[in-house]
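The values are calculated or read from the model by the stated rules, or taken from the named source; none is laboratory data. This structure is a prediction, so every number in the text was calculated from the model and none was measured. Note that we place each Cβ from the backbone using ideal geometry, even for glycine, and neighbour counts take in every protein chain shown.
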Amino acid sequence: MVIYGVSFLGACYILGQLVGEFLAKWIGVKANVGGVGFAMLFLILAHDYFNKRNLFSAEAEKGILFWSQMYIPVIVAMSATQNVVVALNSGLLAILAGVIPVFMCFACIPLLVKLTKSPLNN
């Protein structure tokens, strides 16, 4: 059932946010530090734990897998949007710190293609 996936994801998200807030206070930062990442980690670990012990019904497993797969693109997109807004408001250095590595990666693609000897490059 999809509702089990939502509740499972929600519990992991809340726990991850709490850990992120606690970590931020512990190191003295006025922002959540890795709450989304911790939530994803908790989701993976908890799913693996319950799955190995066969504690899920087949329907619950389908719902949890559905929301596990939806979690990554949705939450990462939300986080990326927030990071772009902060970068644009922080000035030129923050923007360059994001843009320059992207262009460096794009510039390395032809080099990597030449160095790769795969059957597709014949």
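Filtered by the rule that a residue be touching a residue at least 24 places away in the same chain (Cβ under 8 Å) and either touching a Gly at 6+ places or on another chain (Cβ under 6 Å) or at positive phi (or both), the stretch 1-60 gives M1, V2, Y4, G5, G16, A39, F42.
If the condition is being at pLDDT 80 or above, of a type in the set (V, I, T) and under 18 Å from the mean Cα position of the chain (by Cα), then the stretch 1-32 contributes I14, V19. Taken over the stretch 1-34, the residue count meeting the criterion of being more than 18 Å from L65 (Cα to Cα), β-branched (V, I, T) and assigned to a helix (DSSP H, G or I) is 3.
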